[in-house]
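One structure is given below, encoded as structure tokens.
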Amino acid sequence: MSDRLNIDKSIRDKFDNFSEAPPSHVWNNIQGQLAAQKRKKRMAYIGWISAAAVVVFAVLAGWYLNDQKGEVAPMLAEQEIVQEQKKETTLPVASDVAEPVKEAVLLAEKPTSETSEQRLNVQEAATEQLTDEEFETYTVLLAAGERKDYNLLDRVEAIFQVKQADVDLAEFQKKPRREQGLTLNDQLLIAENARNLKNRTKAEHGWTVGAHLSPGYSSHSASHEQQYAENITYSGNDGNANVGGGFSVQYKTGKRLRVESGVYYSKDGQSASNSSRSLFRFNSNSDYMYADVAPANGGVESFSNVVKLSSEGLAMNSTAGVINMRSTPQGVVITTNAEFATSEATSIITTNGEFSQVFEFVEIPLTMRYSLLDKKFRIDVMGGLNAGVVVGNNAYIENDFGKQNIGKTEDISRINFSGTVGVGVNYALGKHLSMAVEPRLNYYINSINSNPYVDYRPYRVGVYTGLYYSF
Amino acid sequence: MAKYYKLGLILIFAEHLHYKLKDLKKIIAGCASGNIRAQETLYHKFAPTMFGVCLRYAKDKSEAEDSLQEGFIKVFQNIGNFRHEGSFEGWMRRIMVNVSLEKYRKEQLMYPVEDMTVLEGQQISDDILADISARELMELIQQLPPRYRMVFNLYVMEGMNHKEISEEMKISEGTSKSNLARARDILKRKVKELYREVGKSNTTA
């Protein structure tokens, strides 16, 4: 036994000093591969940086748009609210509503694991023509450098040209084996390419998930019954800017067609600051004059509106519907005109501040998209329906006492439907990751208020900007 | 006078060794930060020895080249993790062996398991393996069936025991033992054949 150990040692010693210079192309391949890795890393960086840039841009855009609040100078306007009279309407300011930005979750491109990790089972090996295993063996060779790949492409091209132009794939797969004058490596490379080609054409079906932010502008179209409109809060159709966001899932059903769904969050609303100092200026009834009203040039927005007093509280007609206030908000003064002998007591609330009304929707879309162009840049047209669930319905008065929730708009339907159309540009950042910018118009088909006196349909134009991951 | 001369030589040698070690450390640090020049220096310094390792584990030159390439890529990827605790050459060598093992594991699925029957015939002394040159023995090792080649290399060259080999190769210890015995047997026969041929050609010449 020790004899054997000695012999093993002598063999080991023999090999200890054994060395042989490897051919020079090995170093060249290594260098090529290292350079390719560096490039890949850099590309990954670029991918991440551009992804981050998209999100930052979207957030900044949202901010900027939200910041425009109050930039429209309040205009002088007149509003006479007396029940017996027709009145001049005011031209107040519509400004927007602060909006929390939903963070988009970025989906990262997973690093593709080297095939060297894969284990393949024997049965597969038996059935495949040019077995996967053989390819695995030569992955090193395949990865050796782009230069090689280009040569390979040229070679494959040449073969395609020599054969009839439309070589059937199935046929093609069988051929390389019989090919004379090609080395085994060449055949493997060709077959590998054919396989890639097959995979590429196979990608007619597949899933894509995405996350996006949509800075946008929302407004509404509204109409009201005359009687309701007489006492309505005025809100110009100025709309407001805000940011929505959400997640989406797409399924590719055909070469150019995709079906998309997801969960989006969006906001709609308007605010009103009727200029109360001019409210009663031309009203002959001096009783309406109220001493505490903000000075004309104080720069403070003030709001006033007709309300109906009842045992339930205060009811006020807003653009989107009747708002019921259970109690008088702080900092709000109620003036009641007792002199008119009408059946209902007419009261007016006045406050230094602003009234706003906010609806929040969670939308479940079902849309189809069609690719007009499908290259590194993809251009899609899309259209579909959304089910919008109202998850937030609040009205606020913001004055010296802060932002007070004064109640909600009555008669708002829980589920509403809207239509969406859009055009999008999608840019492939990598094999799986892509970035899209897509302006969309989303318009509610039904009035979200079920009150027959009110027809209120929000709409929103948003630039859906996000990242998508396909697999 | 002669005494001083000797001491001087020793000092020079020590200095040289120190310099070399520092040099290697520098090169390694350079590789870790992705310096191409350092990578090239490292490659040229160690490639011949490592190619020798890869050759033993491969069936032919081109497979050994593949292993060497893959191994060096791994070396450069992981060189930042080298802690200078053991010999750097040993660390590299371990990577080459691992790459070869990985290759074998992947390939073994394609090959049917070789039969284990021990060849009949007279026993040949192990001494015969000690007499042959490294290059000749290398060729014979390459001709061994993959599994025998692996076991032989891991046991004899890397000094692994059968338990370790069985874990690395996902075979039983018994199989490892019998594979080693069979590898030795084949090698000895081949060496003998080689000598006979040499003898023949000598007589005919």
When both residues are 6+ apart or on different chains and their Cβ atoms are under 7 Å apart, which pairs have a first residue that lies in the stretch B:78-104 and is in contact (Cβ under 8 Å) with a residue 40 or more places away in the chain and among the small types (Gly, Ala, Ser), and a second that is open to solvent by less than 40 Å² (accessible area, probe 1.4 Å) and assigned to a helix (DSSP H, G or I)?
B:Ser100/B:Cys54; B:Ser100/B:Tyr57; B:Ser100/B:Ser67
Among (1) at the interface with chain B (Cβ under 7 Å from one of its Cβ atoms); (2) surrounded by 13 or more Cβ atoms within 10 Å (Cβ to Cβ), there is one condition A:Ala21 misses while meeting the rest; what is its number?
(2)
Just one of (1) within 14 Å of chain B (Cβ to nearest Cβ); (2) at pLDDT below 80 trips up A:Lys40, so point out which.
(2)
Looking only at the stretch A:3-18, which residues are assigned to a helix (DSSP H, G or I) and either farther than 11 Å from B:Met157 by Cα or more than 8 Å from chain B (Cβ to nearest Cβ) (or both)?
A:Asp3, A:Arg4, A:Leu5, A:Asn6, A:Ile7, A:Lys9, A:Asp13, A:Asp16
Can you find a residue that is modelled with pLDDT under 75, in contact with a Gly (Cβ under 8 Å, 6 or more places away or on another chain), small (Gly, Ala, Ser) and open to solvent by less than 40 Å² (accessible area, probe 1.4 Å) anywhere in the stretch A:336-347?
no
Search result, residues across the stretch A:348-365 that are among the acidic types (Asp, Glu) and open to solvent by less than 10 Å² (accessible area, probe 1.4 Å):
A:Glu363
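Based on this model, can you work out whether A:Met368 counts as assigned by TED's automatic domain parsing to the domain that holds A:Ala58 and open to solvent by 70 Å² or more (accessible area, probe 1.4 Å)?
yes
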Please find, among A:Asn242, A:Asn274, A:Asn324, the residue that is modelled with pLDDT of 75 or more, crowded, with 21+ Cβ neighbours inside 10 Å and among the polar types (S, T, N, Q).
A:Asn242
Of all residues making up the stretch A:397-417, the number that are touching a strand residue (DSSP E or B) at 6+ places or on another chain (Cβ under 7 Å) and open to solvent by 50 Å² or more (accessible area, probe 1.4 Å):
10
Among residues belonging to the stretch B:172-190 that are of a type outside the set (Lys, Arg) and more than 14 Å from chain A (Cβ to nearest Cβ), point out the one that is most open to solvent (accessible area, probe 1.4 Å).
B:Glu173
Between a residue in the stretch B:142-171 that is part of a loop (DSSP other than H, G, I, E, B) and surrounded by 15 or more Cβ atoms within 10 Å (Cβ to Cβ) and any residue that is at pLDDT 90 or above and among the aromatic types (Phe, Trp, Tyr), which pairs come within a Cβ distance under 9 Å, given they are 6 or more apart or on different chains?
B:Leu144/B:Phe152
Which of the residues belonging to the stretch A:12-39 are within 42 Å of the chain's Cα centre (by Cα), without any contact (Cβ under 8 Å) to a residue 40 or more places away in the chain and farther than 13 Å from B:Phe76 by Cα?
A:Arg39
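The values are calculated or read from the model by the stated rules, or taken from the named source; none is laboratory data. If you're wondering where the values come from, they're calculated on a predicted model, not measured in any experiment. Positions of Cβ are backbone-derived with ideal geometry, glycine not excepted, and every protein chain shown enters the neighbour counts. Quick note on the areas: whole protein, heavy atoms, side chains included, nothing else; ligands and nucleic acids left out. Shrake-Rupley method; radii C 1.70, N 1.55, O 1.52, S 1.80 Å.
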